[in-house]
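Here's the structure we're looking at; comments come further down.
The values are calculated or read from the model by the stated rules, or taken from the named source; none is laboratory data. Note that this is a predicted model, so its numbers are computed, not measured. Neighbour counts are summed over all protein chains in view; Cβ atoms, including those assigned to glycine, are modelled from backbone coordinates with ideal geometry. SASA here: full protein model, heavy atoms, side chains in, ligands and nucleic acids out. Shrake-Rupley method; radii C 1.70, N 1.55, O 1.52, S 1.80 Å.
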Amino acid sequence: MKKSYLLFFLFVFFFASVGSAQEVKQTIRGTVVDKQSQTTLPGVNVVVSGTDPLKAAVTDMDGKFRITDIAPGRYDIKISYLGYKEIVLPNVVVSAGKEVVLETGMEENVNSLTEVTVAATKKNETANELTTVSGRSFSMEEVNRYAGGRSDPSRLAANFAGVSSPDDSRNDIVIRGNSPTGVLWRIEGLNVPNPNHFSTIGTTGGPVSAINTNLLKNSDFFTSAFPAEYGNANAGVFDLGFRSGNSEKREHTFQIGALTGIEAMTEGPINKKKGSSYLLAYRYSFTGVAQKIGIPIGTAATPFYQDLSFKINGGNTKFGRFTLFGLGAKSNINFNHAEIDSTDLFADPTRDSYFKSDIGIVGLKHFIKVGEKSYFNTVLGASYNGSDYVEDSISKADAATVRILENRTSQIRYSLNTSFNSKINSRLFVKVGAIGEVINLNLHYRNREFTPEWIQIWDYNNFTSLIQGYAHAKYRFTDKLTLNAGVHSQFLTLNNSVSVEPRVGLKFQANEKNTFSLGYGMHSQMQPTDVYFYRTLNADGGYDQSNKDLGFTKSQHFVLGYDLLPAKDWRIKTEVYYQLLSGVPVTIAPGSFSMLNAGASFSPNEQGYLANKGTGTNYGAELTVEKFFSKGFYGLVTATVYESKYKGSDGIERNTAFNGKFVYNVLAGKEFKVGKEKRNAITIDVKLTQAGGRYYTPVDLEASQVAGQQILKGDAYTFSERNADFFRLDVKTGFTLNSAKRKLSQSVFFDVQNVTNNKNVFAQRYNPITNTINTAYQIGLFPNFVYKVQF
């Protein structure tokens, strides 16, 4: 079998390598618009730097440009227009197998009669122009380039300052000490539930991302004080977009990877005249094969998952532009007690358990111009996420099984997100919008693990709604001084919770190299939906749904930032922040419980009688030193030192479960051009991460032995001990082959994660078989591979 695979790859590479008298070139084309009004801009100069002779074009009356005969490689695209800020799009990758299609927005100078005085590099900006602080854009190329990334947006974000994810088993991210449950996911303007395989209700992460990174366009990631259009989040925001398919020619991608699975993607035009197109991709897991060839994945059980993603762009019509997009994902895994041991990250050797989850997202997006300077953007959609987990106890006498736990949940959200955007003049831009979500919850959770009769913890099937509204204005006093100000409000019909949240940011670009920024934001978030419907069993046999009236958890973000461009292709950025959280659910009776620690384990919330009386603080400093990809190499160093504290109802300040105190990342990569025409490339990428160990509550061994189950020590020991620091070194090598004869490119990558095989602690837990406390470790040395072909 191994010889067959080798012969196949050798044949394909040889087939693609055969030369010809005429070298295959590619095309860079796209559209340039006014960033605020979305009006197309004719007469814009577009130059491909580094070409000889120099390749350039001027946009036509529809704002479109086309530059042909571009050899495969990496280029900077310079875009300039009188009265607008010059833009440099760095590190645009051209391959033999795929055209490059760019959609770019330019910002008008305050004084439109002057030449450009302050240049802008798109690498420094977010796609959302209303961002002042704590925002960063990222590209599909970055997600797939960095070592250890597993083609996962969350794991990419873990490289950024202020973000920590020292957990190889899941992609939950901790932003500035906040729980992962505080993260908002948005795709194409639609707020969506957890977009990960093996996800559960009330969480935002999972072992494997269901988002196919080959569909992503440049997207945004926010860590604090985000613009007024984002609500119901206290930690951060992923604002992702799917790119449109090629509207002029059909292109295809095939990919196989140890984690991402077998993938096929196709795209092409529907109606070339209207510019309509389709994009469709499907993936199926490959982990079963990976296990068989000895690649460790943290469990002896075999996970299965598959997903389908699509985007259909209807093109331009007299009724505006309609876009249909969607994502569907299925995953399941079965843990058999006879096939696992105490080192398994996820399973219990005394139980059989079965888990499956499903995700469905579909949306219809409509864009229409209103006059020359305004437009409406509307997204109508629905999302579904459901999970089913059951557990059987194994009899020690005869190995008979007894069902002891059933947890079946589903959530359907019907959403409408609409906004009116208007460029009043070159100084003032306003955005006003509303978001309505009707949530249908079906929660069933019962347990009889330690009782003869079932205890019904959740039993709910009904509707509730979350309604949000916002207004945001961007005012530019000069080309160098910009004010962003807005307000967000939200209302939960379940218990009439309401919030009004001001947001404000000020940015001063002193010159081309130095920028100062200041931001403040008040943010509110509803509790994870399972928390509201937890039912406490009373002594009389009845149930009390004591959490239903919980209000929003609120946080205030204060951020001060400085951005320096010391030399071409270099950036230094630092931010200091302080976050004050209030209205945090804690127990009515004095104790250490706080919802700020939600998401620290895989277990659902099982705590009743909560009240919004807890508090928390997060504060820290961040540093980013970045060498953008140019001249064949890049580098990124991020460092964060922080504290994350909370107070429960007993008034004692403690470390949160997410207080790692520090995290450092060092990433670097080099690309070597090879071949007669230097069309091909060998790449080497390295990533080193060190993060402080998280705090945990130790196991009470004696009490656990008596009870026959894990019992943690009491409030005096809550989050009192700390795991050893996390350390991981990843090394990735790759080879890209651009055919000289055909419009076909191939890449193969080997990504060896945790090269030093460092034993990072996953958890300390009680083993009922040995009656001892075991240390479970995270995944050791992990070789991953990806083969990709585009044509």
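Would you be so kind as to identify which of ILE211, SER247, ALA225 lies farthest towards the positive end of the dipole of segment 204-268, taking Lys and Arg as +1 and Asp and Glu as -1 on Cβ and the Cα centre as origin?
So the residue furthest toward the plus end is SER247.
Charges only on Cβ, +1 for Lys and Arg, -1 for Asp and Glu: so what's the dipole of segment 33-113 about the Cα centre, in debye to the nearest 20?
160
For segment 86-94, what does the Karplus curve 6.51 cos²θ - 1.76 cosθ + 1.60, with θ = phi - 60°, yield as ³J(HN,Hα) per residue in whole Hz, taken in order and with x for Gly and Pro?
5, 10, 10, 8, x, 6, 7, 8, 10
How large is ³J(HN,Hα) for each residue in segment 651-667, as worked out from phi by the Karplus curve 6.51 cos²θ - 1.76 cosθ + 1.60 (θ = phi - 60°), to whole Hz, x for Gly and Pro?
Once rounded to whole Hz, the list reads x, 8, 7, 9, 6, 6, 5, 10, 8, x, 6, 7, 8, 10, 10, 10, 10.
With unit charges on the beta carbon (Lys/Arg positive, Asp/Glu negative), name the residue among TRP454, LEU492, ASN514 whose Cα is farthest towards the positive pole of the charge dipole of segment 448-524.
Of the candidates, ASN514 comes out farthest on the positive side.
Suppose every Lys and Arg Cβ carries +1 and every Asp and Glu Cβ carries -1, with no other charges. What dipole size does the chain come out with about its Cα centre, to the nearest 20 debye?
2820
Once phi is turned into ³J(HN,Hα) by the Karplus curve 6.51 cos²θ - 1.76 cosθ + 1.60 with θ = phi - 60°, what whole-Hz value does each residue of segment 191-199 show in order, with x for glycine and proline?
5, 10, x, 3, x, 10, 5, 6, 8
For the chain, what is the accessible area per residue in Å², given a 1.4 Å probe and the full set of protein chains?
40
Take every DSSP beta bridge whose two residues both sit in the chain, then give the antiparallel share in percent to the nearest 5. Don't skip to the answer; put the middle values down first.
Details: 319 of 333 bridges.
Counting DSSP beta bridges with both partners in the chain, the antiparallel share is about 95 percent.
Which aspartates and glutamates, on any chain, are close to LYS25 with Cα under 13 Å apart, when same-chain ones fewer than 8 places away are left out?
Within reach: ASP69, GLU99, GLU677.
Going toward the positive end of the dipole of the chain, with +1 on Lys and Arg Cβ and -1 on Asp and Glu Cβ, which of VAL625, THR51, PHE238 do you reach last?
THR51
By how many degrees, between 0 and 90 and to the nearest 10, does the Cα long axis of helix 2-17 differ from the longest principal axis of the chain?
Computed tilt is about 20 degrees.
Rank these by accessible area, largest first, 1.4 Å probe: ARG765, ARG679.
ARG765, ARG679
Using modelled amide H (1.01 Å from N, peptide plane; none on Pro or chain starts), what sits under 5 Å from the amide H of GLY551, excluding residues fewer than 5 places away?
ASN612
Could you please report the charge total around GLY519, scoring K, R as +1 and D, E as -1 over all other residues with beta-carbon less than 11 angstrom from its beta-carbon?
+1
Under unit Cβ charges (Lys, Arg +1; Asp, Glu -1), what dipole magnitude, rounded to 20 debye, does segment 616-699 have relative to its Cα centre?
Working: 13 positive and 8 negative charges, 99 e Å.
With only Lys, Arg, Asp and Glu charged at Cβ, the dipole is about 480 debye.
Near LYS732, which aspartates and glutamates are there with a Cα under 20 Å away, not counting those fewer than 8 places off in the same chain?
Counting by Cα, and skipping residues close in sequence, LYS732 has these aspartates and glutamates nearby: GLU141, GLU142, ASP152, ASP167, ASP168, GLU626, GLU671, ASP685, ASP751.
Can you give the Rg to Rh ratio for the chain, taking only C-alpha atoms and Rh from Kirkwood? Kindly include the intermediate steps, with their values, before the conclusion.
Values: Rg = 26.5 Å, Rh = 27.6 Å.
A ratio of 0.96.
Given a 1.4 Å probe and heavy atoms of the protein chains only, how would you sort LEU729, LEU41, LEU280, largest accessible area at the top?
Correct descending sequence by accessible area is LEU280, LEU729, LEU41.
Name the residues whose placed amide hydrogens come within less than 5 Å of the amide hydrogen of GLN709, ignoring near sequence neighbours (fewer than 5 apart) on the same chain.
none
Students sometimes get this wrong: rank TRP570, TRP454 by accessible area, probe 1.4 Å, all chains present, largest first.
So, going from the largest accessible area down, we get TRP570, TRP454.
Out of the total accessible area of segment 413-518 (probe 1.4 Å, heavy atoms of protein only), what percent is carbon and sulfur?
Its accessible area is 61 percent carbon and sulfur atoms.
If amide H atoms are built 1.01 Å from N in the plane of the peptide, which residues on other chains or at least 5 residues away come under 5 Å of the amide H of PHE593?
Hits under the 5 Å cutoff: THR587, SER649.
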